[in-house]
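Worksheet for the structure shown next.
The values are calculated or read from the model by the stated rules, or taken from the named source; none is laboratory data. Not measured: the values here are computed from a predicted model. Here the Cβ positions follow ideal geometry from the backbone for every residue, glycine too, while neighbour counts run over all protein chains shown. Ligands, DNA and RNA are stripped out before the accessible areas are found, and what is left, the full protein with its side chains, is counted by its heavy atoms. Shrake-Rupley method; radii C 1.70, N 1.55, O 1.52, S 1.80 Å.
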Number of protein chains: 2
Amino acid sequence: MASANNNSTDIASSTGSPLTQAQLDRLSYPASSKVYITGSRADIKVGVREIELTPTQLTNGETEYNPPVRVYDMSGPYSDPAFTLDLTRGLPALRQGWIEERADSQALHQPSSHFSQTREVDLRYEPWRMKVERKPRCAMPGKNITQLHYARMGIITPEMEYIAIRENLGLTEPSLEEAVRQQHPGHSWGASIPAAITPEFVRSEVARGRAVIPNNINHPESEPMIIGRNFRTKVNANIGNSAITSSIADEVEKLVWATHWGADTIMDLSTGQNIHETREWILRNSPVPVGTVPLYQALEKCGGVAEDLTWELFRDTLIEQAEQGVDYFTIHAGVRLAHIPLTAKRVTGIVSRGGSIMAKWCLAHHQESFLYSHFEDICEIMKAYDVCFSLGDGLRPGSIADANDAAQFAELRTLGELTQIAWKHDVQTFIEGPGHVPMHMIKENMDEQLKHCQEAPFYTLGPLTTDIAPGYDHITSGIGAAMIGWYGCAMLCYVTPKEHLGLPNKEDVKQGMMAYRIAAHAADLAKGHPGAQLHDNAMSKARFEFRWQDQFNLALDPETARAYHDETMPKEGHKVAHFCSMCGPKFCSMKISQEVRDAAAADEAQQAMVEKAREFRQQGSEIYHPASKGEALDNA
Amino acid sequence: MASANNNSTDIASSTGSPLTQAQLDRLSYPASSKVYITGSRADIKVGVREIELTPTQLTNGETEYNPPVRVYDMSGPYSDPAFTLDLTRGLPALRQGWIEERADSQALHQPSSHFSQTREVDLRYEPWRMKVERKPRCAMPGKNITQLHYARMGIITPEMEYIAIRENLGLTEPSLEEAVRQQHPGHSWGASIPAAITPEFVRSEVARGRAVIPNNINHPESEPMIIGRNFRTKVNANIGNSAITSSIADEVEKLVWATHWGADTIMDLSTGQNIHETREWILRNSPVPVGTVPLYQALEKCGGVAEDLTWELFRDTLIEQAEQGVDYFTIHAGVRLAHIPLTAKRVTGIVSRGGSIMAKWCLAHHQESFLYSHFEDICEIMKAYDVCFSLGDGLRPGSIADANDAAQFAELRTLGELTQIAWKHDVQTFIEGPGHVPMHMIKENMDEQLKHCQEAPFYTLGPLTTDIAPGYDHITSGIGAAMIGWYGCAMLCYVTPKEHLGLPNKEDVKQGMMAYRIAAHAADLAKGHPGAQLHDNAMSKARFEFRWQDQFNLALDPETARAYHDETMPKEGHKVAHFCSMCGPKFCSMKISQEVRDAAAADEAQQAMVEKAREFRQQGSEIYHPASKGEALDNA
C-alpha cells in the first residue's frame, strides 16, 4: 500500500492542490471517540460519535458523573483513528457482502456505457484517473434490487437494520430512558415519529414510499442512511467544480470536509473538466451517498448545445454514472412543454440549471422532453442499480416575487404523477423543492408536496426567505430551511455564503454546513424527535456549571467556540473560571443564579426555622436570649 | 471647532483605541445618496438612503430605466457627506426646538442626581469626560411630557410626523404605486398594518400603547423612530464594555458601526469602568435611541453586592441616566418574590443578569423588590423625561429545556399588570421576551404576550432555537427572531456570534446586525408590510439581468457581496459578464432562461405561422414548395 502522502501527491500533481494525510488528521473531534454499535450480525457495525464530559463539581465537594453524549456521525472512517487513509484506493466497501449475498446482481466484465468504455482507454485522461479494480454491478435480468422492492416484499435488509441503529444512537438503552424523556413534546404537523426506530419501522416507511435509502450497489463504500420525515432531518452539501474554478483534489477535500461538519449526503454538481474522473474520486472516498444531475454531463458531451441533447446520449450518461455508483439522480422530468409559458412573466424566469436546459430543449424541438417521454425507461435503469430519483424542481422560484406560482405548482403536480410511475417500478423517489419563498408561504409548499406526492420525502434548497442579502444566503435560507424541516421536509440542501456570487471554497462549505446543521437540529427539536434535546440539555447543563471545556466539545463547531472564548479570556485558568468576559466576575448571572438556588434551599430551611421560632415565641419563647432572637428574625 | 483627528486622539489617548475621521469615512454606502424628505414644516427633514441603479440593457439595443431603491436609514448624519464630524461635540440636537417649543419642560441648573453632582467635580474622571454645555431638562412641575401623553391628548407631534415619513420612505408617491403593489399579500396574524403610515396613525398607535417612540428630551440628537407591530420590524444592537474588556472609543466606534449596519436602537450594557462617562460619549454621538439597564450601574455603585442595593441608590441612578438622555430603561420589576422558587428546578436557573441580581436581593431581604414596590415612583421619573419602560424579562429561559415554563409566564403576567400601571401614568412601555425557545413554542410566547400585555410592543432576544451551536448563535437565534417578528414582535434584540462566549468585537457586531436585518426584513415580507418587497424585487431583477454592480449595491452588505464575487471572478469585465463562477458561461441558467423567454416569444409568433401553414395546407397549399413546407413544420 502506498503511503498517504504519496497518494496525496498523486492527486496534487495532476491538479495543483494538496490533499495530505496531515490535513485530514486535523479533522478529528475533541474529547470524542468513535463507538461502534453492532447489530444482529457482526458485519452490521454502526459508528457513532461519543463526546466525553467532565464531572460536575458539587458545592458539597463531591462530583456528579455526566454521561457522554452520543451524536449522529456522518464522517465515516475518516474520524476513526484506527483507519489508515489511502485516497487512491478509496474507503472499504462495507456493503459489498450484503449486496453479493442477495445474489440478484452480477459483476459486469466492462462498463455498459459507451462513454465509459471509450473513456477508459483514452490515454489523455490517464493523469486524472483513479485506479479501481472492482467491476461495476448490475441487477440480474428480471431482478429488481431496490430497497423499496425488498421492503415491499417484507424483507428487512442489513441496510435497514443499520439505519435503525444509526437513527437511535443507542438512546433506547434503559439507562438513558429518563434523560430522553426530559424534552418538550414537539409539534410534528402530522408526522408519525415513533419513540424508537426499529428495523421494521424503517422497512415499513420505505415500503410506503415515505422514506428512501440512497445506496447504489456500485457505491458499497457508503454507510446506509435514510431520508424521510419520520427520521432525523438530513442535510445535503453541494460540491463540484465548474468551468471556471476548482480541481479534483479540492473536491475530494470538500467532500471529506463536508462530511466532517455533518453532511448526510453530498451532490457532485461538477460542470467543468474531467467530470467523469472527479466523480470516481469522490465516490470511492465518500462515506455518504452521492447525488448528481446527469444532465450537466450530458450537456457537456454535446458541447453545451441544449438542443443537441438526445435520449440516447442521456441514457448512456445515466448508465455511466449508475455504474460508477451515484446514489441518486436529479431528473428534471417535471418540466413539461405546457409549463414553460407559465414562467415567461416571472421576475427571474427559470433559475434551475437543469430546468432551463430542458426548457430550452422543449422549445427548440417543440415537444415534451425526453426525460418525461422516457420516464419509464429511466425507471428501468434506476432499478437495475438502486439509484433513487430526486425529481428535480426545474421550475422552482428564483426570487421572492416568483414564489408559489403557477409554474412551480404545475410542475409539482407532474412530479406527483411521476412518483406514482416510479413507485410502480419500485424505484425509490424523493422530490426537490424551492428555492426562494417568504416565510408565510413556506408551509403551503410542504402541504402541497405532501398532498400531490403522497408523502414521498421532500428535499428543499433553503428556501431563502429574502433576496436582499447576497453573502449571507446561508442565513436567509437557514431560516426557511429550519421552518420547512419542522413542517416535514426530510432533507435540506445547504446554501453557502457564496450563493449567487461564486463557487464555495472550504470555509464556505463549513459555514453552509453549520447553518444547516442548526436548521436541521432546530427542526428535530420542534418536531419532538426522541432524544433530540439530549444534546441541548447537556450543553445547557455544562453552561450553567461553567464546564467550559465541555461546552466547547459539545458545540457543533468546537474549534470556533473555543477560539471565540479565548479571544477575550485566553488563559488556561479561564477555562475553569466561573464567569465569562460578557459580564465579568461580579455580574455573572449564572453565578448569581447558583447562589439564588443555594439561597432558596437555605431559605426553605430557614423559613422552616423562622416558622418554628414564631411558634415558639407565641408560646413564650423562654429559652431565647433577646439577642439571638433578633438574629433569628433578621431575614423574616 | 477642533479637528476630527484631534478629537479622536482625545478619546484615543485616554483609552488606547483609535477612532478617526478616516475610519468613519469608510462607512459610506456605495452608489447611495442621502435624500431628505421634508414634512409640514422645514425642520422636519427625514433622511432616507437612495440606491442608484443602472439601466437595463434590452435585447433590442435600447435601455430601460430602473428607479432608485429607497431604504430605511439608521445611520444618521454619519452617512451624510455634508456632515462635519466632531465626536467631542456630538451630533446636532435636531429635536431641541420641538422640545423647547412645547414649553412643558425646563433646563436645570445642575443635574438632579447626587451621583452626577459629585462625579462632575471629581477630577479623577477628567480624562474620560466629554464636555457638554447643554443643561439637562426635566418636565415642569405637574406636566407630563411623554409622547403617549400627547397622543392621548390628540396631539400629533413633529416626532410623530417624522416617523410617518420615515416609515413610508416616500413609497406613497403615485409613481411607485404600481411597484409597491407587486408583492405577496402577507399573513400578519391579526396585526393592523395600513397601506400607508399617516401621522395620525402613528398618534393612534402610540395612544393605544401599541407602539412607543423612545426619545428622552435629554437625547435631542436622536432621530425619531417607532417600535410597534404595525410598523417595520426593528433591531436593537447591544454594545458596552465589561470589567474584562473594551474602552470608550471602542464603544463609540461600535455604536456608529452598528447604526451603519442597521441598528434601530442600541443598548449600552456597560458594566465596567467609567460607565457614566462612556454613556455620555455614546448618547451625544448616537442618532438612534439608547437603552440601558440602570441596575448594572446601581450595582457597581454598591461594590457589586446585590444585597446592598437600595431604592434610594437605584432612584438616583435612574435620574442620573434620564438626565443624560437614555431613551429606555430595562427594569426587571416583574421578578417577584413568589416567582423565584419556580426557577429552582431549571436547567439554567436565572440567566438574565438583572433578573438574577433582583432575585438575590429579594431572597436576601425576603421581600418584594424595590423595583416592584416602587413601580409608581419609577413611573414618576420616567414621565418627567419621557423615558420608555422596557419591562425586563428577568426570568426568561436560558436554555431550550426551560422554555415557556411557569416562572417565565408568571413574570409575563406581572409585566402585563405593570404595563397597566405605566399606562395610567402615560409612560410608554414595551415588554422584553426570551431567550431560548424551540421553534414550535415560539408562537405561544407571542400570543401570551399580546394577551397579557394588551398589545404593548414585544422586544425579544432571539429566541435561540437550539443550544448546541455556540459561535453561531446569531444563526440559531436569527431563525427564532425571524419567526417571532413575523408573529408580531416589534423589535428584535440581536445576538452576535460571541453570545455565551465573550464580548462582541466590531466584526461580531456586524455579523449580528446582518443576521438580524435579515430576520427583520423576512418578518416584514411575511407580514406583508407595504413596499417591503420592493427591495427584493429590485435585487432579483438586477440578478436576472446580470447587473452585478446593482446587485452589490442593493445588498445588505455590499462590500461582502462584491468581495465574494471577486474571489472567483476578479476582473472588471466580469462585473458585466452574463454568467458567474457557479455555473460558468455555458450552463448559466439565468442566461438560458432569457433565451427561453425570447424563444417563447418567437415561438408564439411561429406557432401562429405554423397554424396558418396548416390551414393553408388543408386548403391545398399550392404555393408551397415541398422543401419549405418541411421546414415550416420542423418545429411543430
Note the distances from residue A:135 to each other copy's matching label point, with points 7 Å along the Cα-to-beta-carbon direction, in nm, sorted shortest first. 10.1
How long are the three semi-axes of the equivalent ellipsoid of region A:448-527, in whole Å, if each is the root of 5 times an eigenvalue of the C-alpha gyration tensor, listed from largest down? 23, 13, 11
Rg to Rh quotient for region B:130-233, alpha carbon positions, Kirkwood Rh: 1.06
The protein assembly as shown, helix-only ellipticity at 222 nm - DSSP H runs n ≥ 4, -39,500 (n - 2.57), divided by all residues, nearest 500: -13000 deg cm²/dmol
Mean shadow of region A:391-542, computed from the convex hull of its alpha carbons, in nm²? 10.2
Taking only Cα atoms, what is the 0 to 90° angle, nearest 10, from helix A:589-618's long axis to the longest principal axis of chain A? 30
Average other protein chain Cβ within 10 Å of Cβ, residues A:329-341: 1
What are the ³J(HN,Hα) values, in whole Hz, obtained from phi via the Karplus relation 6.51 cos²θ - 1.76 cosθ + 1.60 with θ = phi - 60°, for each residue of region B:54-66 in sequence order, with x given for Gly and Pro? 8, x, 7, 8, 7, 5, 7, x, 7, 10, 10, 6, 10
Taking Cα atoms only, Rg over Rh for region B:214-290 with Rh from the Kirkwood formula is 0.98
State the percentage of accessible surface on region A:381-486 attributable to carbon and sulfur atoms; use a 1.4 Å probe and exclude ligands, DNA and RNA. 52
Calculate I(q)/I(0) for region A:414-462 by the Debye formula, one identical point scatterer on each C-alpha and no solvent, and give its log10 at q = 0.14, 0.22, 0.25 Å⁻¹ to two decimals. -0.35, -0.75, -0.90
So what's the projected area for region A:68-193, the Cα convex hull averaged over all directions, in nm²? 13.4
Convex hull volume per residue for region A:336-460, taking Cα atoms only, in Å³: 91
Treating cross-link reach as a plain straight distance, find the lysines whose alpha-carbon is under 23 Å from the alpha-carbon of residue B:360, omitting any fewer than eight places away in the same chain. A:541, A:586, A:591, B:301, B:345
Keeping all protein chains in place and using 1.4 angstrom, which order do B:135, B:345, A:541 fall into by accessible surface area, from largest down? B:345, B:135, A:541
Residue A:434: net charge of surrounding residues, Cβ under 10 Å, Lys/Arg +1, Asp/Glu -1, itself excluded? -2
Would you mind giving the mean number of other chain beta-carbons within 10 Å of the Cβ of each residue in B:344-357, as a whole number? 6
The percentage of Cα-Cα pairs in region B:96-135 separated by more than 16 Å is 51
Hey, how many Å between the Cα centroid of region A:323-356 and the Cα centroid of region B:139-212? 45
Between residue B:36 and residue B:420, how high is the FRET efficiency from 1/(1 + (r/R0)^6) when r is the Cβ-Cβ distance and R₀ = 41 Å? Nearest 0.05. 0.55
Helix axis angle, B:558-568 relative to chain B longest principal axis, alpha carbon, degrees: 50
Under a cut-off of 27 Å between alpha-carbon atoms, report the lysines in cross-link reach of residue A:424, not counting same-chain residues fewer than 8 places apart. A:143, A:234, A:383, A:451
Between the alpha carbon centres of region B:511-527 and region B:82-116 the gap in Å comes to 33
According to the Kirkwood expression over distinct Cα-Cα pairs, how big is the hydrodynamic radius of the protein assembly as shown, in Å? 32.6
Give me the extension gain from residue A:124 to residue A:311: residue separation times 0.36 nm, minus the current Cα-Cα distance, reported in nm with one decimal. 64.6 nm
Tally the DSSP beta bridges in the protein assembly as shown and give the antiparallel ones as a percent, rounded to 5. 40
Cα convex hull of region B:183-234: how many Å³ per residue? 102
For residue A:571, which aspartates and glutamates qualify as cross-link partners when the Cα separation must be under 18 Å and same-chain residues fewer than eight apart are set aside? A:550, A:559
Output field shielding_mean for B:509-521 (other chain Cβ, 10 Å radius) holds 3
Considering the Cα positions of chain A, please state its Rg to one decimal place and its Dmax as a whole number of Å. 28.0, 108
Note on region A:487-526: C-alpha Rg/Rh, Kirkwood Rh, two decimals, gives 1.05
Label points 7 Å out from Cα along the Cβ direction at residue A:338 and residue A:57: separation in nm? 7.3
Any idea what the residue B:365 label distances to the other copies are, label 7 Å down the Cα→Cβ vector, nm, shortest first? 8.3
Along its three principal axes, how long is region B:254-332 when you only count alpha carbons? Whole Å, largest extent first please. 40, 21, 20
Over 5 Å intervals from 0, what percent of Cα-Cα pairs in region A:113-152 sits in each interval? 5, 16, 17, 19, 11, 11, 11, 7, 3, 0
At a probe of 1.4 Å, how much accessible area disappears from chains B and A on forming the pair, both sides counted, to the nearest 100 Å²? 9800
Exam field: residue A:406 pseudo-label spacings to other copies (7 Å along Cα-Cβ), nanometres: 5.8
With all protein chains present and a 1.4 Å probe, the order of A:112, B:204 from largest accessible area down is A:112, B:204
Under a 1.4 Å probe, counting only protein heavy atoms, residue A:453 has an accessible area in Å², nearest 10, of 0
So how exposed is residue B:140, as accessible area in Å² (1.4 Å probe, rounded to 10)? 60
